[in-house]
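The values are calculated or read from the model by the stated rules, or taken from the named source; none is laboratory data. Quick caveat: nothing in here was measured; it's all calculated off a predicted structure. Neighbour counts are summed over all protein chains in view; Cβ atoms, including those assigned to glycine, are modelled from backbone coordinates with ideal geometry. Just so you know, the surface numbers come from the protein's heavy atoms only, side chains and all, with ligands and any DNA or RNA stripped out. Shrake-Rupley method; radii C 1.70, N 1.55, O 1.52, S 1.80 Å.
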Amino acid sequence: MNIAIVTGASSGMGREFVRQIDRAYTKLNEIWVIARRQDKLVELQRSVGTPLKIIPFDLSNKKQLKVLEILLAENQPTIKMLVNSAGYGIIGNFEKAEIDDAVGMIELNCTALTMITHICLPYMSNGSRIIQMASSAAFMPQPGFAVYAATKSYVLSYSKALNYELAERGIHVTAVCPGPVKTEFFTRAEKLQAMPSYKKMAMVDAVEVVRAAMKDSSDKKEVSIYGTKMRAFHFITRICSQKWLMSIAQRTNEKNAAKELLKQKKAEEKNHKKKQKAKKGSK
């Protein structure tokens, strides 16, 4: 039995990977989709032709990862493609973040990804491919996005090394490093602070990012960077001082935070005036 496995498949990049894998791999028996929201996975089945094996669990729970290990042992499939797409980030200064959110990023973005890859490798063979979702945030430390950038730096480094280790088995690993992508990611990411405006200007479509990632994976590239803006950013981070780049990022974040605070104050003043008018009108 030939299968693909996609984590974070209920939304965003993971969901789009399922759709594009469905079109690209015509000889798959099943796509195993992993995410917490079972209803979203059931809904996804309606938009693809390949049968989905729905595995609804929380990847940050190590005990639940044993379920995947058991299912693989019972079914003995050949995994043609593994896509580790599950992950999240929180924008804002680390000291203001809830520690559970910060540690949760490490557990999901790094630990779960590493464990799933290890669990799946015995079922992969010559020609199998692994796609790991990293980020352009991996290219340099990022004030205001410190933990997320660090986790993605881990994914990028780990994926590159793993690609070399698995070369003799004919298994290829591609780290995908997009900039901001139009997905549900930012619903959670902007919990503490809004995304800086300069990042909004670089926002791209998930369909295009996944399409490029699939092609780069097929071409056996170790890193997939979509778009001229992110390729330029990658180049800049390689030739410029990280300390200098971080100082620019920090100043930009501070200006953005000041603008957000001013915007919030104006909104509060506006609401206060409305309430005052409503009180006068009721007298």
**Asked** Applying the selection to the range 87-121, what residues are closer than 22 Å to ALA249 by Cβ, open to solvent by less than 40 Å² (accessible area, probe 1.4 Å) and aliphatic (A, V, I, L, M)?
**Response** ILE90, ILE91, ALA97, ALA102, MET105
**Asked** Could you list, in sequence order, the residues of the range 13-34 that are in contact with a helix residue (DSSP H, G or I) (Cβ under 9 Å, 6 or more places away or on another chain) and open to solvent by less than 10 Å² (accessible area, probe 1.4 Å)?
**Response** PHE17, VAL18, ILE21, ILE31, TRP32, VAL33, ILE34
**Asked** Filtering the range 51-73 down to residues that are within 28 Å of ASP216 (Cα to Cα) and not in a strand (DSSP E or B), which residue is modelled with the lowest pLDDT?
**Response** LEU59
**Request:** Search the range 214-252 for residues being of a type in the set (Gly, Ala, Ser) and open to solvent by 60 Å² or more (accessible area, probe 1.4 Å), and hand back the single one that is farthest from ILE21 (Cα to Cα).
**Result:** SER241
**Prompt:** For the range 24-44, which residues satisfy the criterion of being at pLDDT 95 or above and among the charged types (D, E, K, R)?
**Reply:** GLU30
**Fill in**
Counted residues in the range 49-73 being open to solvent by 30 Å² or more (accessible area, probe 1.4 Å) and touching a residue at least 40 places away in the same chain (Cβ under 8 Å) come to 4
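Do we find that ILE21 is at pLDDT 95 or above and part of a strand (DSSP E or B) in this structure?
Taking the combined requirement at face value, the residue does not satisfy it.
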**Request:** Can you give me the ranges of the helices (runs of 4 or more DSSP H) entirely in the range 74-178 with at least 2 residues that are within 24 Å of ILE5 (Cα to Cα) and touching a residue at least 60 places away in the same chain (Cβ under 8 Å)?
**Result:** 113-120, 146-165
